[in-house]
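Visitor: After the C-alpha coordinates below, expect a handful of questions from me.
The values are calculated or read from the model by the stated rules, or taken from the named source; none is laboratory data. These numbers come from a predicted model, not from an experiment. Methodologically, a virtual Cβ is constructed for each residue, glycine included, from the backbone with ideal geometry; neighbour enumeration extends over all protein chains shown. To get the accessible areas, we keep the full protein, side chains included, count just its heavy atoms, and leave off ligands, DNA and RNA. Shrake-Rupley method; radii C 1.70, N 1.55, O 1.52, S 1.80 Å.
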Amino acid sequence: MRAKANGIQVHYELHGKEGAPWLVLSHSLACSVRMWDEQIAAFRDRYRILAYDTRGHGQTDAPPGAYTLEQLADDLKELLDQAGVSRPHYCGLSMGGMIGQTFALKYPGVFASLTLADTTSRIPPEAGPVWQERIRTAEAKGMQPLVEPTLARWFTDPFRKAHPEAMQRVGKLIASTPVAGYVGCCHAIPRINLTARLKEIRCPILVVVGEEDAGTPVAMARDIHDSAPGSKLVVIPKASHLSNIEQSEGFNRALGEFLQA
(Lines give C-alpha, C1' and ligand atoms only; values in the text may rest on other atoms or scores of the structure.)
Protein backbone atom coordinates (compact mmCIF):
# COMPACT_ATOMS: atom_id res chain seq x y z
CA MET A 1 0.00 0.00 0.00
CA ARG A 2 1.13 3.56 -0.63
CA ALA A 3 0.21 6.89 0.95
CA LYS A 4 1.22 10.47 0.14
CA ALA A 5 2.90 11.80 3.27
CA ASN A 6 5.02 14.92 3.72
CA GLY A 7 5.58 15.28 -0.03
CA ILE A 8 6.64 11.68 -0.77
CA GLN A 9 4.99 8.33 -1.52
CA VAL A 10 5.41 6.05 1.51
CA HIS A 11 5.07 2.28 1.18
CA TYR A 12 3.41 0.48 4.10
CA GLU A 13 1.75 -2.83 4.96
CA LEU A 14 -1.18 -3.65 7.21
CA HIS A 15 -1.38 -7.00 9.00
CA GLY A 16 -3.45 -8.59 11.72
CA LYS A 17 -6.86 -8.15 13.28
CA GLU A 18 -9.02 -5.18 12.42
CA GLY A 19 -10.20 -3.48 15.58
CA ALA A 20 -7.24 -4.78 17.63
CA PRO A 21 -4.78 -2.31 19.22
CA TRP A 22 -2.36 -0.75 16.72
CA LEU A 23 1.34 -1.68 16.63
CA VAL A 24 3.64 0.37 14.39
CA LEU A 25 7.02 -1.10 13.37
CA SER A 26 9.91 1.12 12.19
CA HIS A 27 13.07 -0.48 10.79
CA SER A 28 16.79 0.29 10.95
CA LEU A 29 19.01 2.08 8.44
CA ALA A 30 19.54 0.04 5.22
CA CYS A 31 16.58 -2.27 5.87
CA SER A 32 12.86 -2.29 5.04
CA VAL A 33 9.56 -3.69 6.36
CA ARG A 34 11.01 -7.15 5.67
CA MET A 35 13.22 -6.77 8.75
CA TRP A 36 10.07 -7.30 10.84
CA ASP A 37 8.73 -10.52 9.28
CA GLU A 38 9.19 -12.58 12.45
CA GLN A 39 7.48 -9.95 14.60
CA ILE A 40 4.59 -9.61 12.13
CA ALA A 41 4.07 -13.39 12.29
CA ALA A 42 4.22 -13.39 16.10
CA PHE A 43 1.93 -10.42 16.80
CA ARG A 44 -0.62 -10.41 13.98
CA ASP A 45 -3.14 -12.48 15.96
CA ARG A 46 -3.26 -9.88 18.78
CA TYR A 47 -2.56 -6.54 17.08
CA ARG A 48 -3.33 -4.52 13.99
CA ILE A 49 0.16 -3.95 12.60
CA LEU A 50 1.38 -1.12 10.40
CA ALA A 51 4.92 -1.69 9.12
CA TYR A 52 6.38 0.93 6.78
CA ASP A 53 9.45 1.71 4.70
CA THR A 54 11.19 4.84 5.99
CA ARG A 55 11.98 7.70 3.56
CA GLY A 56 14.77 6.55 1.27
CA HIS A 57 14.25 2.83 1.95
CA GLY A 58 12.44 -0.15 0.44
CA GLN A 59 9.60 0.93 -1.81
CA THR A 60 9.25 4.44 -0.31
CA ASP A 61 10.51 7.41 -2.34
CA ALA A 62 14.19 8.31 -1.92
CA PRO A 63 14.59 12.02 -2.68
CA PRO A 64 18.17 13.37 -2.81
CA GLY A 65 19.67 15.55 -0.08
CA ALA A 66 20.18 15.38 3.68
CA TYR A 67 17.22 14.20 5.78
CA THR A 68 16.51 15.10 9.41
CA LEU A 69 14.96 13.01 12.21
CA GLU A 70 12.23 15.67 12.54
CA GLN A 71 11.40 15.18 8.86
CA LEU A 72 11.25 11.39 9.31
CA ALA A 73 8.93 11.90 12.30
CA ASP A 74 6.72 14.18 10.19
CA ASP A 75 6.59 11.50 7.47
CA LEU A 76 5.29 9.04 10.07
CA LYS A 77 2.74 11.48 11.51
CA GLU A 78 1.18 12.08 8.10
CA LEU A 79 1.25 8.33 7.32
CA LEU A 80 -0.57 7.51 10.58
CA ASP A 81 -3.16 10.19 9.84
CA GLN A 82 -3.67 8.91 6.28
CA ALA A 83 -4.01 5.30 7.43
CA GLY A 84 -6.41 6.18 10.26
CA VAL A 85 -4.10 4.90 12.99
CA SER A 86 -4.91 6.10 16.50
CA ARG A 87 -3.04 5.58 19.81
CA PRO A 88 -0.60 3.01 18.42
CA HIS A 89 2.06 1.13 20.31
CA TYR A 90 5.34 1.97 18.56
CA CYS A 91 8.40 -0.25 18.19
CA GLY A 92 11.48 1.13 16.44
CA LEU A 93 14.91 -0.43 16.11
CA SER A 94 18.12 1.59 15.71
CA MET A 95 17.14 4.46 13.36
CA GLY A 96 13.51 3.48 14.01
CA GLY A 97 14.10 4.07 17.72
CA MET A 98 15.54 7.51 16.97
CA ILE A 99 12.48 8.37 14.89
CA GLY A 100 10.29 7.13 17.76
CA GLN A 101 11.97 9.36 20.35
CA THR A 102 11.80 12.37 18.02
CA PHE A 103 8.12 11.68 17.25
CA ALA A 104 7.11 11.17 20.90
CA LEU A 105 8.62 14.55 21.83
CA LYS A 106 7.19 16.40 18.82
CA TYR A 107 3.72 14.79 18.95
CA PRO A 108 3.02 14.02 22.62
CA GLY A 109 0.00 11.88 23.38
CA VAL A 110 -0.05 9.98 20.07
CA PHE A 111 1.77 6.82 21.15
CA ALA A 112 0.20 4.43 23.67
CA SER A 113 3.70 3.07 24.36
CA LEU A 114 7.22 3.35 22.97
CA THR A 115 9.65 0.46 22.46
CA LEU A 116 13.21 1.56 21.71
CA ALA A 117 15.34 -1.35 20.49
CA ASP A 118 19.10 -1.31 19.88
CA THR A 119 19.17 2.45 19.60
CA THR A 120 20.59 5.57 21.23
CA SER A 121 19.39 8.97 22.36
CA ARG A 122 22.73 10.64 21.62
CA ILE A 123 25.61 10.06 19.22
CA PRO A 124 28.80 11.78 20.36
CA PRO A 125 30.34 14.32 17.94
CA GLU A 126 33.54 12.24 17.71
CA ALA A 127 31.53 9.55 15.85
CA GLY A 128 30.89 12.05 13.02
CA PRO A 129 33.79 10.88 10.80
CA VAL A 130 32.44 7.30 10.81
CA TRP A 131 29.18 8.52 9.27
CA GLN A 132 31.00 10.73 6.76
CA GLU A 133 33.06 7.72 5.66
CA ARG A 134 29.89 5.65 5.11
CA ILE A 135 28.41 8.48 3.04
CA ARG A 136 31.59 8.70 0.92
CA THR A 137 31.64 4.93 0.35
CA ALA A 138 27.98 4.79 -0.72
CA GLU A 139 28.29 7.80 -3.04
CA ALA A 140 31.51 6.57 -4.66
CA LYS A 141 30.92 2.81 -4.88
CA GLY A 142 27.25 2.11 -4.16
CA MET A 143 25.89 -0.08 -1.38
CA GLN A 144 27.64 -3.39 -2.12
CA PRO A 145 30.92 -2.57 -0.27
CA LEU A 146 28.86 -1.75 2.84
CA VAL A 147 27.10 -5.12 2.99
CA GLU A 148 29.75 -7.28 4.72
CA PRO A 149 30.94 -4.70 7.29
CA THR A 150 27.30 -3.93 8.15
CA LEU A 151 26.41 -7.61 8.64
CA ALA A 152 29.51 -7.95 10.87
CA ARG A 153 28.22 -5.11 13.07
CA TRP A 154 24.62 -6.32 13.11
CA PHE A 155 25.06 -10.01 14.04
CA THR A 156 27.38 -12.07 16.25
CA ASP A 157 29.95 -14.31 14.56
CA PRO A 158 28.29 -17.58 15.67
CA PHE A 159 24.91 -16.46 14.30
CA ARG A 160 26.41 -15.37 10.98
CA LYS A 161 28.14 -18.72 10.56
CA ALA A 162 25.06 -20.75 11.55
CA HIS A 163 22.50 -18.81 9.47
CA PRO A 164 23.84 -18.10 5.97
CA GLU A 165 20.29 -17.82 4.62
CA ALA A 166 19.51 -14.97 7.05
CA MET A 167 22.76 -13.23 6.07
CA GLN A 168 21.79 -13.51 2.41
CA ARG A 169 18.32 -12.13 3.11
CA VAL A 170 19.51 -9.15 5.18
CA GLY A 171 22.47 -8.60 2.85
CA LYS A 172 20.01 -8.14 -0.02
CA LEU A 173 18.11 -5.52 2.00
CA ILE A 174 21.32 -3.56 2.58
CA ALA A 175 22.49 -3.86 -1.05
CA SER A 176 19.12 -2.79 -2.46
CA THR A 177 18.81 0.33 -0.27
CA PRO A 178 18.83 3.41 -2.56
CA VAL A 179 22.10 5.33 -2.17
CA ALA A 180 20.18 8.62 -1.86
CA GLY A 181 18.11 7.19 1.00
CA TYR A 182 21.09 5.74 2.83
CA VAL A 183 23.03 8.99 2.51
CA GLY A 184 20.02 11.11 3.48
CA CYS A 185 19.53 9.11 6.69
CA CYS A 186 23.29 9.05 7.43
CA HIS A 187 23.06 12.83 7.67
CA ALA A 188 20.10 12.61 10.09
CA ILE A 189 21.23 9.88 12.50
CA PRO A 190 24.43 11.36 14.01
CA ARG A 191 22.61 14.56 14.96
CA ILE A 192 20.43 12.88 17.57
CA ASN A 193 20.84 14.46 21.02
CA LEU A 194 17.70 13.80 23.06
CA THR A 195 18.92 12.25 26.32
CA ALA A 196 18.10 15.32 28.43
CA ARG A 197 14.54 15.47 27.02
CA LEU A 198 13.53 11.82 27.49
CA LYS A 199 11.93 12.65 30.85
CA GLU A 200 9.31 14.67 28.91
CA ILE A 201 7.94 11.53 27.22
CA ARG A 202 4.80 10.52 29.10
CA CYS A 203 3.94 7.09 27.64
CA PRO A 204 5.39 3.79 28.97
CA ILE A 205 8.83 3.01 27.50
CA LEU A 206 10.57 -0.33 26.93
CA VAL A 207 14.29 -0.28 26.11
CA VAL A 208 15.62 -3.46 24.47
CA VAL A 209 19.24 -4.16 23.54
CA GLY A 210 21.31 -7.11 22.37
CA GLU A 211 23.96 -7.92 24.97
CA GLU A 212 26.64 -7.94 22.26
CA ASP A 213 25.43 -4.91 20.29
CA ALA A 214 28.56 -2.97 19.30
CA GLY A 215 26.82 -0.23 17.31
CA THR A 216 24.46 0.93 20.08
CA PRO A 217 25.88 -0.91 23.09
CA VAL A 218 24.19 -1.73 26.39
CA ALA A 219 25.66 1.47 27.90
CA MET A 220 23.63 3.57 25.42
CA ALA A 221 20.46 1.62 26.26
CA ARG A 222 21.19 2.16 29.95
CA ASP A 223 21.52 5.91 29.33
CA ILE A 224 18.03 5.93 27.78
CA HIS A 225 16.64 3.82 30.64
CA ASP A 226 18.25 6.04 33.31
CA SER A 227 16.98 9.21 31.61
CA ALA A 228 13.40 7.99 31.07
CA PRO A 229 11.74 7.62 34.49
CA GLY A 230 9.68 4.45 34.83
CA SER A 231 11.09 2.83 31.69
CA LYS A 232 11.89 -0.89 31.57
CA LEU A 233 15.24 -2.25 30.29
CA VAL A 234 15.66 -5.74 28.81
CA VAL A 235 19.09 -7.00 27.71
CA ILE A 236 18.86 -9.92 25.27
CA PRO A 237 21.69 -12.47 25.57
CA LYS A 238 23.55 -13.78 22.50
CA ALA A 239 22.31 -10.95 20.28
CA SER A 240 24.00 -8.06 18.54
CA HIS A 241 22.36 -5.08 16.78
CA LEU A 242 19.42 -6.69 14.96
CA SER A 243 18.27 -8.48 18.10
CA ASN A 244 14.76 -8.89 16.65
CA ILE A 245 16.21 -11.29 14.04
CA GLU A 246 19.13 -12.87 15.91
CA GLN A 247 17.07 -13.71 19.01
CA SER A 248 13.52 -13.29 17.75
CA GLU A 249 11.99 -15.41 20.54
CA GLY A 250 13.59 -13.38 23.31
CA PHE A 251 12.78 -10.13 21.53
CA ASN A 252 9.15 -11.12 20.96
CA ARG A 253 8.78 -12.25 24.56
CA ALA A 254 10.10 -8.91 25.89
CA LEU A 255 7.90 -6.90 23.52
CA GLY A 256 4.82 -9.07 24.10
CA GLU A 257 5.04 -8.91 27.91
CA PHE A 258 5.53 -5.14 27.80
CA LEU A 259 2.57 -4.57 25.44
CA GLN A 260 0.28 -6.76 27.54
CA ALA A 261 1.26 -4.93 30.72
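Visitor: Could you order LYS172, LYS161 so the one with the most accessible surface comes first? Probe is 1.4 Å.
Guide: Values: LYS172 135, LYS161 160 Å².
Order by accessible area, largest first: LYS161, LYS172.
Visitor: With θ taken as phi - 60° and the coefficients 6.51, -1.76 and 1.60, list the Karplus ³J(HN,Hα) couplings across segment 142-152 in order, rounded to whole Hz; mark glycine and proline as x.
Guide: The phi angles translate into x, 7, 4, x, 8, 5, 5, x, 5, 4, 5 Hz.
Visitor: I've got another one for you. Please tell me which of these pairs span more than 30 angstrom C-alpha to C-alpha: LYS106/LYS232; LYS172/LYS232; LYS4/LYS238; LYS172/LYS238; LYS77/LYS232?
Guide: Exceeds cut-off: LYS172/LYS232; LYS4/LYS238.
Visitor: Run the dipole for segment 81-177 about the Cα centre, Lys and Arg Cβ at +1, Asp and Glu Cβ at -1, nothing else charged, and hand back the magnitude in debye, nearest 20.
Guide: Magnitude of the dipole: close to 60 debye.
Visitor: Which whole-Hz ³J(HN,Hα) couplings does segment 9-20 yield from phi under the Karplus relation 6.51 cos²θ - 1.76 cosθ + 1.60, θ = phi - 60°, glycine and proline marked x?
Guide: 8, 9, 8, 8, 10, 10, 9, x, 7, 5, x, 7
Visitor: Starting from the Cα gyration tensor of the chain, take the square roots of the eigenvalues, sort them a ≥ b ≥ c, and report rounded, prolate or oblate (rounded when a/c is under 1.5, otherwise prolate if a/b is larger than b/c, else oblate).
Guide: Rounded, because the longest to shortest axis ratio a/c is under 1.5.
Visitor: Shape verdict for segment 164-261, please, from the Cα gyration tensor: rounded (a/c under 1.5), prolate (a/b greater than b/c) or oblate.
Guide: Working: a/c = 2.11, a/b = 1.25, b/c = 1.69.
Judged from the Cα gyration tensor, segment 164-261 comes out oblate (a/c at least 1.5, b/c at or above a/b).
Visitor: Right, another one. Under 10 Å, Cα contacts only: if you run a Gaussian network model on the chain, which one of SER176, SER240, SER121 comes out with the highest mean-square fluctuation?
Guide: Taking springs between Cα atoms under 10 Å, the residue moving most is SER176.
Visitor: Taking the Cα centre as origin and putting +1 on Lys and Arg beta-carbons and -1 on Asp and Glu beta-carbons, what dipole magnitude results for segment 148-261, to the nearest 20 debye?
Guide: Its charge dipole is roughly 260 debye.
Visitor: What fraction of the DSSP beta bridges in the chain is antiparallel, stated in percent and rounded to the nearest 5?
Guide: Taking every DSSP beta bridge with both residues in the chain, the antiparallel ones total about 30 percent.
Visitor: If each DSSP helix of 4+ residues adds -39,500 (n - 2.57) and the sum is divided by the residues in the chain, what number results at 222 nm, nearest 500 deg cm²/dmol?
Guide: Value at 222 nm, helices only: -13000 deg cm²/dmol.
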